[in-house]
C-alpha cells in the first residue's frame, strides 16, 4: 500500500491511502517452445512444425533474430485434439492372423 499526501482546495494536507493494483502479466511471461521442442512432443521433424505454422495450424511468434517460437498452451491444446484421433486407430494384427 502506498500513502500519498494530497492537498484539499482549502489548503489542508490529508493522507490518502492508495492500494497498488497488481501488475498485469507481461506477454513475455508466457511459456514459448522452440520448433524442436514442439516436434519432440508430436514425434515429427521440426520442419513439419514450421510447415504447420505456415499453413495456419499453429501460431508462431518471431524472435528478434527471426526464429519461430510457439505458445505452449496452444501446442498442448493441439496435442490433446490430435491424441484422441491416434488412440482411435485399430490395434495391430497378430503375426499369425490370416485375414486380409
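The values are calculated or read from the model by the stated rules, or taken from the named source; none is laboratory data. From a predicted model like this one, the values you see are computed outputs, not experimental measurements. All Cβ positions, glycine included, derive from the backbone under ideal geometry; neighbour counts span all protein chains shown.
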Residues in region 42-81 that are touching a strand residue (DSSP E or B) at 6+ places or on another chain (Cβ under 8 Å) and in a helix (DSSP H, G or I): how many?
5
Report yes if some residue within region 12-20 is outside any strand (DSSP E or B) and either under 15 Å from the mean Cα position of the chain (by Cα) or modelled with pLDDT of 90 or more (or both); otherwise report no.
no
